[in-house]
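**Q** Please find one structure pasted underneath; my questions will follow.
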Ligand code: CP
C-alpha cells in the first residue's frame, strides 16, 4: 500500500502533491463507506486517539471524533478548561501523561502557533495539527481543496479567491499552500491592514478591489473576521468592513457568472457575508463540513497505518 511521506500532520507545507492525492483517494473510499447504512469500519480497532483541544471548536473537534468512531478507534476527548492545565500543568506534561495510558495518536488544537511541531519534538506518538494559532490548519485546507475537487472535478487551473482576515487566518495560509501545490491560481482580497506583506512571496496575487477579484474567480472562500485575535481595530467598524469587503447579493448580481462560495466557519453572518449568499445553492459550506469527515478518516487511517507497519 502507498504511504504518506510524513509520520505526523503538522502542516500542509510538509505534504507532497502525492501525499495530498493519496489522502483524496482514500477520502473518496471513505465517502462511499459513509453512504452505507452501517457507516463504521473496523480499521482502527486497536488504536486509541486523544483529541486535545486547548481552544474552542465545533466543526473540527466533532468531525475528528466522528471520523475516529467511524474507523472504530477508541476515542478520548480532553477539554483544557476542566483539566489540570488550570493548575499550571504544561502542554508537554499533559501530553506525556495521556500517552503513558497507551494512547497512540494526538489531535491537537492550540492557540500557540507552532504548538503541534513543538510537541512533536517531545513525544513519539502521531500528532495531527487541528489548528495552531494563526499558523496552520492543515485538515481544513485538505477538506476545502477536496470539496473544490468534488465540485469542479479538478483544482488545477481554477481561480480561487480568499477574502477577508488573512492576517489572523491559519485557514488562509494552509489553503494557499495546498491550493498552489494542486495547481490552482490563488488571489487574496481584503483590507490592507489584514493582508500581511509576506503573502506576495508565497506566489499569491493581492487585491484590494473586491469587485474585480470576484469577476476573476471561480471559487470565493470567505474568511471569518477573527475578532478574538485582534487587539487593535484593523478597520473602522463592522459596517464599513461589510460595505467594502462583505459578500452580499448586490455585489455578485452583476458578476455575470455563477461563483461557488465557501466558508470554513464559524460565520459572522452580516459581517463578512450575508445569509442570502451563504445559504444559497452556490454555497458549499455544508459540503465542506460533510467532506471533512471522510478527509479526516483518510488522514487518521494513513497515519495509523504507519504505526502498525
Ligand atoms: N473551521 C473550523 O476550524 O471550525 P471550528 O473552530 O468550529 O473547529
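**Q** Is the shape of segment 267-309 best called rounded, prolate or oblate, per the rule: a/c under 1.5 gives rounded, else a/b larger than b/c gives prolate, else oblate, with a ≥ b ≥ c the square roots of the Cα gyration tensor eigenvalues?
**A** On the way: a/c = 7.56, a/b = 3.43, b/c = 2.21.
Prolate, because a/c is 1.5 or more and a/b exceeds b/c.
**Q** Then there is this: By how many degrees, 0 to 90 and rounded to 10, does the Cα axis of helix 170-181 deviate from the longest principal axis of the chain?
**A** 90
**Q** Would you mind checking the tilt of helix 59-70 against the longest principal axis of the Cα atoms of the chain, expressed as 0 to 90 degrees and rounded to 10?
**A** Relative to the chain, helix 59-70 is tipped by roughly 40 degrees.
**Q** I want the antiparallel fraction of DSSP beta bridges within the chain, as a percent rounded to 5. Could the numbers behind the result be given before it?
**A** Details: 1 of 36 bridges.
Antiparallel: roughly 5 percent of the beta bridges in the chain.
**Q** Which of the peptides 296-302, 75-81 is most tightly packed, and how do the rest follow, going by the mean number of other Cβ atoms within 10 Å of each residue? Don't jump to the answer; show the numbers that get you there.
**A** Numbers: 296-302: 25.0, 75-81: 15.4.
Taking the mean over residues of other Cβ atoms within 10 Å, the ranking is 296-302, 75-81.
**Q** I'd like the orientation of helix 138-152 relative to the chain: the angle between its Cα long axis and the longest Cα principal axis, in ° from 0 to 90, rounded to 10.
**A** Helix 138-152 sits at roughly 60 degrees to that axis.
**Q** Going by the alpha-carbon gyration tensor, a ≥ b ≥ c the square roots of its eigenvalues, is the chain rounded (a/c under 1.5) or, if a/c is not under 1.5, prolate (a/b greater than b/c) versus oblate?
**A** Since a/c reaches 1.5 and a/b is larger than b/c, the shape of the chain is classed as prolate.
**Q** Let me ask something additional. Once the Cβ-Cβ distance between residue 123 and residue 57 is put in as r, and R0 is 22 Å, what FRET efficiency do you end up with, to the nearest 0.05? Display every interim value, and only then the final one.
**A** Details: r = 21 Å, r/R0 = 0.97.
The calculated FRET efficiency here is 0.55.
**Q** Turning to a different aspect of this structure: For the chain, modelled as a Gaussian network with Cα springs under 10 Å, which listed residue fluctuates most, 218, 279, 19?
**A** Comparing 218, 279, 19 in a Gaussian network model of the chain, the most mobile one is 279.
**Q** When the chain is modelled as a GNM with alpha-carbon springs shorter than 10 Å, which of 219, 123, 188 fluctuates the most?
**A** Largest GNM mean-square fluctuation: 123.
**Q** For segment 138-288, what does the alpha-carbon gyration tensor say about shape, rounded, prolate or oblate, given a ≥ b ≥ c as the root eigenvalues, a/c under 1.5 as rounded, and a/b over b/c as prolate? Could you put the intermediate results ahead of the total?
**A** Details: a/c = 1.43, a/b = 1.15, b/c = 1.25.
Note, shape of segment 138-288 comes out rounded.
All of the numbers you see were taken from the coordinates with simple rules; none came from a lab. Source: prediction; values computed, not measured. Please note: Cβ atoms are built from the backbone with ideal geometry, for glycine as well, and neighbour counts cover all protein chains shown.
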